[in-house]
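Worksheet: one structure, shown below.
The values are calculated or read from the model by the stated rules, or taken from the named source; none is laboratory data. Because the structure is predicted, anything quoted here is derived from the model rather than measured. Using ideal geometry, Cβ is built from the backbone for each residue, glycine included, and neighbour counts are taken over all protein chains shown.
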Amino acid sequence: MKTFTPDKIRNICLASHGGTGKTTLAESILFVTGTKKRFGTVDEGSTTSDYNADEIERKFSINTSLMHCEWNGHKINILDTPGYADFRGEVKGAMRVSDMVIIPVRATALLDVGTEVAWDYAAEYNIPVMFVVNELDKENSNFDKTFDVIVERFGGERHFVEIGFPVGEGRPDFNKIFDTIKTQLLKFELDKSGNYEALDVPAEFKERMSKMHEILIEDAAESEEKFMEDYFATGTLTDEEFKTGLREGILARKIIPVFCTDGINSVGIKPLLDFIVDYGPSPLDMPAANGLGPNGASQTRECKADAPFSAFVFKTISEPHVGEMSLFRVYSGTVKTGDDIMNSTRNVMERIGQVFLLNGKERLDVGQVSAGDIAALVKMKDTHTNNSLSDKNKLIRYAEINFPDPIITFAIVPRGKADETKISTGLHAIHEEDPAFHYTYDVETLQSIVSGQGEMHLTIITQRLKDRFGVEVDLVDARIPFKETIRGHVKDAEFKHKKQSGGRGQYGHVHLKIDPKPRGTGFEFVNDIVGGVVPGRFIPAVEKGVQDALVNGVIAGYPVIDVQVTLFDGSYHDVDSDELSFKIAGAQAFRKGFREAHPIMLEPIYELEVKIPEEYMGAIMGDLSGRRGQIQGMEADGHFQIVKATVPLAEIQKYATILRSMTSGRGGFRKKFSHYAELPHEIAHKIILEYEARKAAGEK
């Protein structure tokens, strides 16, 4: 395959809600361009982008797929992303390297949450957007109402323009679209070929088409002062002025094109491809890539094939019999098989093996790729998602993808006792591929913790763990990291450890004063011994005994926090006293005094920001109150409301699933730890009784 210069490359990302036809649209593009000889379908499990077994089984996308095709002398790279909320990390990664986002929507005059997420991510990356009103063959489809809803939701200062509008949508034989740029009525063949013929425009549609075309010219003229002058002088623009003006308006995100298609029958696909090539941004149109040099100074790389090489790895794929594939975008220069380059993120050298172009699971070894292009590398020894690659003599490190924070957490329990090492290795490898997934070991609860974007996300992680690393695990509720502390003061907690068993005995005797400390200030040990009643060499042992007691708790087995312990008196024996005796005495005196100091349990409280459509406001606030939440405030965000609250962690462990159910998938939330607060007595009492029962039964 020939090498394309940056001006002949288009990098597009398909992003929207699940079920809007992204994968079918990509399939149609590959079929119409001749890249693929057979049109695959989601139901058959034969599409190019959904090729993994779990995607075929579930009939929806889980991973971002990279594809490419040629059209009118241009190379189009297509990144098809998942639409379900559990896989938003994939969407962010794909947009990081895209130059335009195509957002398909169903022609039902309803916008799903995934559409809003795609729009917000595109705004975050400041990349142009195009909407495609898809599935126009479906019953009750209505392009005009859907267009109005899009404008109402996302309009503002931007101008949405109809690049085409349909005739006769809502029928299985739908096949006519007006092209408002060429002012033609196009009739498509319903054979998935994408072929069409131009018809005479009926009189009843000529006025609308002329009006739409005039709007396009006005929008194009507004992009440059000279174009405005020409437009006012002549009432129109030259073809070149029109093309340049429309491209500049799209690039500046001031003009948002809206197309209409029927992906399953390839209606509107060829005009869509023409528009992408003629009006979509190339890598040359985008701002030069900025990063940091080895000394931390700002660096810029021009998108030129003869510039120093630099690239960014946005996704890692593990393929059977191939190993890891690193999907990357070249921002400058050229890279080819055999090159030695630097991973400037990890500061390690890498030797380039094979360079592939991908169409789903199909790989084409091309030997090299240049600036602006997207491809895959195999068998990189220490390169993963979010890593920058560069010429070893011209280092640059690009900003990493800001993956969404985890919103749901579970603990994992291995089914086999010998699997701990394999699990750790597997989870580490999966995190390198999918940074939206996190895992850690909680030393307090003694559990391996996994966190992600939803229950489905974590379920698929466990399936990958089984398929690739041969270990099976179960997801269970993570234990809440409760704490223990006190409200009262104890002036004298005494304990004497004395043991005589025929030789040298054991003797340690201490008096402790125990006081509460302000929340969050931790543990403090005070030595207030006067006159050597406890020799100085034994005082560290007393403190160690107290600290050991803190770790395992007193009333329910949870760590003790925010207490001050003062050693103020005691006694010792010249022969029998030793460090162990005073360690035991310190621990036992503390446990005794802690129980007398009005012990309480604490629970973690989290700050919650819940973003929901306005109509769900009452239900969500009522639900949060029922979860012992405290509403802190509300604020508007366009058509959404943001509810701010503090809620106990114990009440929101599965809140992602609950919120999606309550809001039909349109709600989202963020959480972060706030503080510890006293656990209500009735809940604490139940936990304490359960702990005592486990102790009595000899359990941990």
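Just wondering, is there one or more residues in the range 25-47 that are among the polar types (S, T, N, Q) and closer than 25 Å to Tyr125 by Cα?
Filtering the range 25-47 for residues among the polar types (S, T, N, Q) gives 28, 33, 35, 41, 46-47.
From what is left, the residues that are closer than 25 Å to Tyr125 by Cα are none.
No, the conditions are met nowhere in the range 25-47.
Enumerate the pairs (first residue in the range 328-343 and outside any strand (DSSP E or B); second residue anywhere and of a type in the set (Ser, Thr, Tyr)) with beta-carbon separation below 8 Å, excluding pairs fewer than 6 apart on the same chain, so at least 6 apart or on different chains.
Gly333/Ser310; Gly333/Ser370
Just give me the residues in the range 391-410 being at pLDDT 95 or above, aliphatic (A, V, I, L, M) and not in a loop (DSSP other than H, G, I, E, B), in sequence order.
The answer is none; no residue qualifies.
Does Asp576 fit the bill of being farther than 27 Å from Pro481 by Cα, touching a residue at least 60 places away in the same chain (Cβ under 8 Å), assigned by TED's automatic domain parsing to the domain that holds Lys491 and of a type outside the set (A, V, I, L, M)?
yes
Listed here are the residues, each with its yes/no results for (1) of a type in the set (Val, Ile, Thr); (2) assigned by TED's automatic domain parsing to the domain that holds Ser581; (3) in contact (Cβ under 8 Å) with a residue 60 or more places away in the chain; (4) under 13 Å from Phe594 (Cα atoms).
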{"site": "Val530", "(1), (2), (3), (4)": "yes, yes, no, no"}
{"site": "Pro535", "(1), (2), (3), (4)": "no, yes, no, no"}
{"site": "Ile539", "(1), (2), (3), (4)": "yes, yes, no, no"}
{"site": "Gly545", "(1), (2), (3), (4)": "no, yes, no, no"}
{"site": "Asp548", "(1), (2), (3), (4)": "no, yes, no, no"}
{"site": "Val554", "(1), (2), (3), (4)": "yes, yes, yes, yes"}
{"site": "Ile561", "(1), (2), (3), (4)": "yes, yes, yes, yes"}
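Please find, among Gly633, Gly665, Gly638, the residue that is exposed (fewer than 14 other Cβ atoms within 10 Å of the Cβ), in contact (Cβ under 8 Å) with a residue 24 or more places away in the chain and of a type in the set (Gly, Ala, Ser). Before the answer, list the steps.
Working: Gly633 fails: in contact (Cβ under 8 Å) with a residue 24 or more places away in the chain; Gly665 fails: exposed (fewer than 14 other Cβ atoms within 10 Å of the Cβ).
After applying the criteria, what remains is Gly638.
So which residues in the range 237-270 are within 24 Å of Asn134 (Cα to Cα) and either in a loop (DSSP other than H, G, I, E, B) or of a type in the set (S, T, N, Q) (or both)? Step through it out loud before you land on a result.
So in the range 237-270, the residues within 24 Å of Asn134 (Cα to Cα) come out as 246-247, 249-251, 253-270.
Result: Arg253, Lys254, Thr261, Asn265, Ser266, Gly268.
Tally time: how many residues in the range 22-39 are part of a loop (DSSP other than H, G, I, E, B) and either within 18 Å of Met100 (Cβ to Cβ) or polar (S, T, N, Q) (or both)?
Step one: of the range 22-39, the residues part of a loop (DSSP other than H, G, I, E, B) are 33-39.
Those still in the list that are either within 18 Å of Met100 (Cβ to Cβ) or polar (S, T, N, Q) (or both) too: 33, 35.
Here the count works out to 2.
Please enumerate the residues belonging to the range 300-327 that are surrounded by 21 or more Cβ atoms within 10 Å (Cβ to Cβ) and not in a loop (DSSP other than H, G, I, E, B).
Taking the range 300-327 as the starting set, the residues that turn out to be surrounded by 21 or more Cβ atoms within 10 Å (Cβ to Cβ) are 301, 303, 309-317, 325-327.
If the condition is that a residue be surrounded by 21 or more Cβ atoms within 10 Å (Cβ to Cβ) and not in a loop (DSSP other than H, G, I, E, B), then Arg301, Ser310, Ala311, Phe312, Val313, Phe314, Lys315, Thr316, Ile317, Met325, Ser326, Leu327 are the ones that fit.
Would a scan of the range 198-213 turn up a residue that is assigned to a helix (DSSP H, G or I), within 30 Å of Val117 (Cβ to Cβ) and either small (Gly, Ala, Ser) or more than 38 Å from the chain's Cα centre (by Cα) (or both)? Give the steps one after another, and end with the answer.
Residues of the range 198-213 assigned to a helix (DSSP H, G or I): 203-213.
With within 30 Å of Val117 (Cβ to Cβ) added as a condition, the list becomes 212.
Then keep just the ones that are either small (Gly, Ala, Ser) or more than 38 Å from the chain's Cα centre (by Cα) (or both); that gives 212.
Yes: the range 198-213 contains one or more residues that are assigned to a helix (DSSP H, G or I), within 30 Å of Val117 (Cβ to Cβ) and either small (Gly, Ala, Ser) or more than 38 Å from the chain's Cα centre (by Cα) (or both).
If you check Leu427 against the conditions, is it in the same structural domain as Ala297 (by TED's automatic domain parsing) and not in a loop (DSSP other than H, G, I, E, B)? Write out each step before concluding.
Numbers: in the same structural domain as Ala297 (by TED's automatic domain parsing): no; not in a loop (DSSP other than H, G, I, E, B): yes.
Spelling it out, it is not the case that Leu427 is in the same structural domain as Ala297 (by TED's automatic domain parsing) and not in a loop (DSSP other than H, G, I, E, B).
From Glu494, Glu444, Glu484, Glu432, grab the single residue that is at pLDDT below 90 and not in a helix (DSSP H, G or I). Step through it out loud before you land on a result.
Details: Glu494 fails: at pLDDT below 90; Glu484 fails: at pLDDT below 90; Glu432 fails: not in a helix (DSSP H, G or I).
The unique qualifying residue is Glu444.
Only residues that are of a type in the set (D, E, K, R), farther than 23 Å from Lys2 by Cβ and outside any loop (DSSP other than H, G, I, E, B): list them for the range 348-390, please.
Those that are of a type in the set (D, E, K, R), farther than 23 Å from Lys2 by Cβ and outside any loop (DSSP other than H, G, I, E, B): Glu350, Arg351.
Hey, among the residues in the range 20-40 that are in contact (Cβ under 8 Å) with a residue 60 or more places away in the chain and touching an Asp or Glu at 6+ places or on another chain (Cβ under 8 Å), which one's farthest from Gly73 (Cα to Cα)?
Among residues in the range 20-40 that are in contact (Cβ under 8 Å) with a residue 60 or more places away in the chain and touching an Asp or Glu at 6+ places or on another chain (Cβ under 8 Å), the one farthest from Gly73 (Cα to Cα) is Thr20.
How many residues are among the aromatic types (Phe, Trp, Tyr), over 14 Å from Ala645 (Cβ atoms) and modelled with pLDDT of 95 or more when one looks only at the range 578-621? Give the derivation first.
Residues of the range 578-621 that are among the aromatic types (Phe, Trp, Tyr), as a first pass: 582, 590, 594, 606, 616.
Then drop every residue that is not over 14 Å from Ala645 (Cβ atoms), which leaves 582, 590, 594, 616.
From what is left, the residues that are modelled with pLDDT of 95 or more are 582, 590, 594.
So the answer is 3.
Within the range 151-179, take every residue that is in contact with a Phe, Trp or Tyr (Cβ under 6 Å, 6 or more places away or on another chain) and aliphatic (A, V, I, L, M) and give me the one that is nearest to Ile217 (Cα to Cα).
In this case the residue turns out to be Ile163.
Residues Ile430, Ile401: which one is surrounded by 15 or more Cβ atoms within 10 Å (Cβ to Cβ), within 23 Å of the chain's Cα centre (by Cα) and within 30 Å of Lys75 (Cα to Cα)?
Details: Ile430 fails: within 30 Å of Lys75 (Cα to Cα).
Sole residue among the options that is surrounded by 15 or more Cβ atoms within 10 Å (Cβ to Cβ), within 23 Å of the chain's Cα centre (by Cα) and within 30 Å of Lys75 (Cα to Cα): Ile401.
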